[in-house]
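S.K.: To start, I am sharing the structure in question, which I have written as structure tokens.
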Amino acid sequence: MDINKLVRKNIAELHPYSCARDEFKGEASVYLDANENPWNSPYNRYPDPLQWELKEGISRLKGVAAGNIFLGNGSDEPIDLLYRAFCEPGTDNVVAIEPTYGMYKVCAGINNVEYRTVGLNDRFDIDADALLKVCDANTKLIWLCSPNNPTGNSLDAQQIHRLIQQFSGIVVLDEAYIDFSEHESFAAYLQRYTNLVILQTFSKAWGSAAIRLGMAFADTAIIQVLNKIKYPYNINILTQKQALKLLEQEKSVSNWIDVLLKQRSWLRDALSELSYVKQIYPSDANFILIKVDDANALYHFLVGRGIIVRNRNTVSLCLGCIRITVGSPEENKILIDTMKIFG
């Protein structure tokens with residue numbers, strides 16, 4: 001697939017802003033090019049606009065070439081940039097599963113792009129044919145989230161393959177929760193599929209939601225388009241340094257994941273003993289979706305006792321559902337003890 005044929009005409013013709021750090025590689029002894037203050041090192045200097053050191057570290061960890069990595073201010077930045085790069089406002093459309101992560105729809109609205117949805121089946125899974133059926137010549141992106149939010153399950157891999165192979169646009173697969181799943185990332189298929197974009201994040205398994213660092217893995221042609229339209233210094237030096245530090249703590253992150261997976265099982269068992277919990281859905285994420293007798297009442301009861309969960313009662317296919325993040329052993333025990341009082 002020629003990705004450049006999907007790019008908006010004005011983006012294809014755009015001459016991107018060239019910042020001072022784009023004009024040379026490596027380190028210099030004297031910096032007099034960017035009108036920076038010479039004091040207060042290292043915060044006086046603009047950061048590497050393409051974050052090469054950090055990308056090399058991520059490349060070693062993920063097995064994805066640095067040239068196939070885009071780093072954004074959370075995953076929300078590449079989500080927005082994909083709309084801006086490939087979707088003509090007022091003309092093009094995108095297709096997404098329902099229910100799923102809400103920012104896909106929000107960004108569609110911001111960019112004046114029609115947002116079409118296809119409901120998941122009764123197993124919260126996808127049907128590639130159903131998604132393709134609502135696509136037309138102006139459908140540029142298909143949004144998938146696996147493991148999905150808020151349902152927690154991984155989508156059928158064969159259906160995802162079929163979708164990527166048959167869709168004439170770009171398939172975006174959000175793997176924010178992949179570290180908690182037994183299923184492998186689709187990153188291994190990037191060389192096979194030039195129309196695949198994979199999103200991952202430092203916010204979940206890496207325990208770093210506050211530093212706002214998202215990753216997009218894709219063919220170099222897509223990465224070049226995203227780099228062309230992003231703001232020059234989109235990842236600040238504090239975020240880059242903290243992420244580099246985190247990459248040296250892979251063993252600690254693995255331990256966090258192990259504890260959360262064990263706590264997910266413990267939480268499932270504890271929830272199953274509550275009579276008003278009618279269903280506990282399978283989860284490959286760090287949260288559990290449950291169906292209860294009265295989601296609104298339970299939500300407000302927990303809020304009144306300082307425990308915040310997510311009420312998903314009004315979300316499509318999630319009537320009566322509460323989404324519970326797997327916390328520390330202490331947090332989970334407090335939750336269950338409080339829920340026993342409600343019951």
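Every number in this text was worked out from the coordinates using simple rules, so none of it is lab data. Bear in mind the structure is a predicted one, so any value in this text is a computation, not a measurement. Counting neighbours? That spans all protein chains shown, and the Cβs are built from the backbone with ideal geometry, glycine included.
S.K.: In whole Å, what are the extents of segment 1-129 along the principal axes defined by its C-alpha atoms, from largest to smallest?
M.R.: Reported extents, whole Å, longest axis first: 61, 35, 31.
S.K.: So which of LYS9/LYS230; LYS251/LYS291; LYS241/LYS262; LYS62/LYS204; LYS5/LYS25; LYS25/LYS228 end up more than 27 Å apart by C-alpha?
M.R.: LYS251/LYS291; LYS241/LYS262; LYS5/LYS25
S.K.: Give me the net charge for the shell around CYS19: Cβ to Cβ below 14 angstrom, other residues only, Lys and Arg +1, Asp and Glu -1.
M.R.: Result for the neighbourhood of CYS19: 0.
S.K.: Which ³J(HN,Hα) values, rounded to whole Hz and listed in residue order, are derived for segment 302-313 from phi using the Karplus coefficients 6.51, -1.76 and 1.60 in 6.51 cos²θ - 1.76 cosθ + 1.60 with θ = phi - 60°, glycine and proline given as x?
M.R.: 5, 4, x, 10, x, 10, 9, 10, 10, 7, 10, 4
S.K.: Same structure, new question: Output the peptides 133-139, 224-230, 171-177 sorted from most to least packed, where packing is the average of other Cβ atoms within 10 Å over each peptide's residues.
M.R.: So the order, starting with the most tightly packed, is 171-177, 224-230, 133-139.
S.K.: Here's another thing I want to ask about it. I'd like to know which of GLN51, ASN35, ALA66 lies farthest towards the positive end of the charge dipole of segment 3-248, counting +1 on Cβ of Lys and Arg and -1 on Cβ of Asp and Glu.
M.R.: ASN35
S.K.: Please compute the net charge surrounding VAL134, taking Lys and Arg as +1 and Asp and Glu as -1 over other residues with Cβ under 13 Å from its Cβ.
M.R.: Residues near VAL134 contribute -3 overall.
S.K.: Calculate the dipole size of segment 251-342 relative to its Cα centre from +1 charges on Lys and Arg beta carbons and -1 charges on Asp and Glu beta carbons; express the result in debye to the nearest 20.
M.R.: 160 debye
S.K.: Residue by residue, what Karplus-based ³J(HN,Hα) values in Hz, rounded to whole numbers, does segment 35-52 have, using 6.51, -1.76 and 1.60 with θ = phi - 60° and x for Gly and Pro?
M.R.: Values, residue by residue: 6, 8, 6, x, 9, 6, 5, x, 7, 7, 9, 5, x, 4, x, 10, 6, 5 Hz.
S.K.: Can you tell which of PHE287, PHE124, PHE301 shows the greatest fluctuation in a Gaussian network model of the chain with Cα springs below 10 Å?
M.R.: So, out of PHE287, PHE124, PHE301, the one fluctuating most is PHE301.
S.K.: About its Cα centre, what dipole magnitude does the chain give when the only charges are +1 on Lys and Arg Cβ and -1 on Asp and Glu Cβ, stated in debye to the nearest 20?
M.R.: 320 debye
S.K.: Let me ask something else about it. Given q = 0.10, 0.11 Å⁻¹, what are the Debye log10 I(q)/I(0) values for the chain, with equal point scatterers placed on the Cα positions and solvent ignored?
M.R.: Taking Cα atoms of the chain as identical point scatterers yields -0.66, -0.79.
S.K.: May I pose another question? If pairing requires two Cys Cβ atoms under 4.7 Å apart, which cysteines of the chain are left without a partner?
M.R.: CYS19, CYS87, CYS107, CYS135, CYS145
S.K.: With Cβ to Cβ distances under 11 Å as the rule, what net charge do the other residues near ALA66 carry (K, R +1; D, E -1)?
M.R.: +1
S.K.: Still on this structure, please answer the following. Take the Cα coordinates of segment 233-316, assign each an equal point scatterer, and use the Debye formula without solvent to give log10 I(q)/I(0) at q = 0.13, 0.22 Å⁻¹.
M.R.: Computed log10 I(q)/I(0) values: -0.64, -1.06.
S.K.: Please find, in a Gaussian network model of the chain (springs between Cα atoms separated by less than 10 Å), the residue of ALA34, ALA221, ALA285 whose mean-square fluctuation is greatest.
M.R.: Judging by the Gaussian network model, the answer is ALA34.
S.K.: What residues have an amide H closer than 5 Å to that of ASP219, excluding those fewer than 5 places away on the same chain, when H is modeled at 1.01 Å from N in the peptide plane?
M.R.: Placed amide hydrogens put LEU196 under 5 Å from ASP219.
S.K.: Still on this structure: Based on the mean of other Cβ atoms within 10 Å per residue, sort peptides 35-44, 84-93, 311-320 so the most packed one is first.
M.R.: Top to bottom by mean Cβ count within 10 Å: 84-93, 311-320, 35-44.
S.K.: Can you order the peptides 241-248, 49-56 by their average number of other Cβ atoms within 10 Å per residue, highest first?
M.R.: Those peptides, ordered most packed to least, come out 49-56, 241-248.
S.K.: Work out from phi, with θ = phi - 60° and the Karplus expression 6.51 cos²θ - 1.76 cosθ + 1.60, the ³J(HN,Hα) of each residue of segment 215-225, listed in order in whole Hz, and give x for Gly and Pro.
M.R.: So the Karplus estimates, Gly and Pro as x, are 10, 10, 10, 6, 4, 4, 5, 6, 4, 5, 5 Hz.
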